Structures are given as structure tokens and as C-alpha cells.
Amino acid sequence: GIAMAALARSMSRGRRRHAALLLCCVGLALCSDAPPAPEPKGPKPELGISAEQAPPRRALLAGLRHVVEPPLKAFREAPPITRSVVSASVLLSLLTSTRVVDMRSICFSEMEVLHRGEWWRFVTTFLFMGDQMFSIFYWMQIYHFWECLKMLELVKYHWEPSGFIKMIVSCAMLLIGLKQLRREAIFLSAPLVTTFMYMYSREYQAQPINFMGFFQIRCGWLPWMQMLQDLLQTGDAVPSMLGLIAGHIYYYCEEVAPRLLMPHKLPSLAEFLQTGSAQVAKPASEEEKESSETDSHTDGEESSEDSGDDQVEAEEEEQSTSPAPQ
């Protein structure tokens, strides 16, 4: 009843797109809940086929369940944070494509946030994936967004949902800071997707994946292929580059830096200069020592050769002075 009332209200206002959209939603809901048609009352099937072996007769639109049920099952089995974020993104795209929400009220603007207090722009700028919902590139981006978030939440942050939220918030803040390098970027959803792709690719670098359903690549190449796709689609790869930079900074600070062997106490400036001068003087002393050892070794060889020559000359003289045998 509520859906039908909204349908009538939207038709009275002249919004036919809203009416068609609501009609499709109502139709899909009715088709997914349509019960199978009852078996007709008549004679039993002939040719020795029992009623249990006879194929059941379904309703005309009951076959749509095979189309609707797999996405609904995948949606129900998805982790909660991924399901919430992707659902909010699709809903926001649906509202902007039907002109219910104006894109100018959800884009990121520092002046609007600071002077008017429109804090929701911090969230909507990362959730808006575009209003071209009938484009294959939009659904490819949603698919990559869904898969990367789901795998990170299920595998890497399975026991640490707070760490997963910290990763999302940290990458979002890094992108807001990097946005100052490109102030005309008012939506940061594409860089955020690239950031999640980078995090996913670093976790599973050698894993082969199917890209666009045509060829297989290593998972480590996924963000670069996404950058190439954005370059071919929009002619601009700077948003994807910002996402790569943000993802690399977070990955280095979270995964690489804690594993480095760092000193517990930083040396003072005098100790640092003294250590540097000692390291510079050490190679010079080592070179002098090596040169002295080389010279002594060569002198020893020369003296041994001279002593050998003298011994040979003495033996020759003894042989010459000795009397010949009779």
C-alpha cells in the first residue's frame, strides 16, 4: 500500500522515472514472493507416470527467482560493514540518478563544511560512485569495491572490525589531505576504491584473478589495471594515482614500519656527527692498513726470491771448485 501510494504521488507530480522505478521494484518483489501455481484438479497423468514423478507447474514469473536469489544470497552472506557501505553507495547513486538528491549538495567543499556545517559531505564524497547506473563501468567499479572490501573484512580483519574501520577512516583522511593537490576533485570515491584495491593487492600479490572476465592477471597488477581503465574511460588517471599514494602510505605505516629495526633512543646531534666522522675515518685507516700489509707481503716475496738466488749461486760455485772424479 505504501509503495502504491508513493507510485500514485510520483505520477501526480509528473515524475515518470520515479514511477517506473517504483513499479519495477514492486514487480520484482511480487515475482520473488510469488507462490507456485496449484496443480489442476483433473485426471491423473497417463502413460504410467505418477503424480510424484510429474514435473511441478510453477507460476509464470516464478522463474525469476533463479535470477534474483543469487544476488540476494550473496548480499545476505556478505560481512556487515561491506554490506552497509556498498548498499549506501548504490542507494546514493539511485537517488542522484532519479534527481531526488542534487549532486551539488553531496560533493565535498571545504567552504560549505566550515561555514555552513554540512558535515555529511565528508561521507557522501566517498560513497558517490556516479549516477550512470546503466553503465557497465559503474557496475565494474561497484564489483571491485565489493570484492576488495569483502575479502579484507573476511580474511585480514576477520577478528578486528575496529582495525577495518580504522583503515577506512585513515585512508579517507589521507585522501582528503591529498585532495589539496587537486582541488577540482569534488568526489573521492574512485581514489578510495583504488586505495582498497592497493591494500588487497599487497595482501595477495601472487594470486591470479580474472580481470573484466577476459584475461587473468596477478593480483599485484590490479590497481594499475584499474588506473589504465580510468585513463581509457575518463582520460584522467590522477584520482587513481592519489588512491595509490594514500594506500601505500597507510600500508607502509601499518605493515612495514613496525617491522623495521629502529633504535630505542635517537642519538644527539654531537653523537651523530661524531659517529659520521668515525665512519668516514675508518675506511681511510683500513686502506692504509691494507696497503702496509700489501707492501710487507711484496717485500717478503722479494727477500725470499733473493735468498733463493743466492743459494743457487753458492751451489754452482761449490760444484765448480770441487775436483773432478778420477
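Gain on full extension, evaluated as 0.36 nm per residue between LEU231 and ALA74 minus their Cα-Cα distance, stands at 53.4 nm. For segment 120-205, the relative contact order is 44 percent, taking Cα pairs closer than 8 Å that sit 6 or more residues apart in sequence and dividing their mean separation by the residue count. Assuming charge only on the beta carbon of Lys and Arg (+1) and of Asp and Glu (-1), the dipole of segment 104-176 about its Cα centre is about 40 debye to the nearest 20. Taking θ as phi - 60° and the Karplus parameters 6.51, -1.76 and 1.60, the scalar couplings of segment 163-177 work out to x, 5, 5, 4, 5, 5, 5, 5, 5, 5, 5, 4, 5, 5, x Hz in sequence order, x denoting glycine and proline.
Subtracting the Cα-Cα distance of TRP119 and LEU261 from their residue separation scaled by 0.36 nm leaves 47.0 nm.
When peptides 229-237, 194-202, 165-173 are sorted by average Cβ neighbour count within 10 Å, with the highest value leading, the order is 194-202, 165-173, 229-237. Spacing of the modelled spin labels on PHE215 and ARG65, each 7 Å from Cα toward Cβ, amounts to 4.2 nm. For the pair LEU154 and GLU271, the difference between a 0.36 nm per residue extended length and the Cα-Cα distance amounts to 37.3 nm.
Laboratory data are not the source of any read-out in this text; all were calculated from the coordinates shown. The shown structure was predicted, so the numbers you read here are calculated from the model rather than taken from an experiment. Quick reminder, even Gly has a Cβ in these numbers, built from the backbone with ideal geometry, and neighbours come from all protein chains shown.
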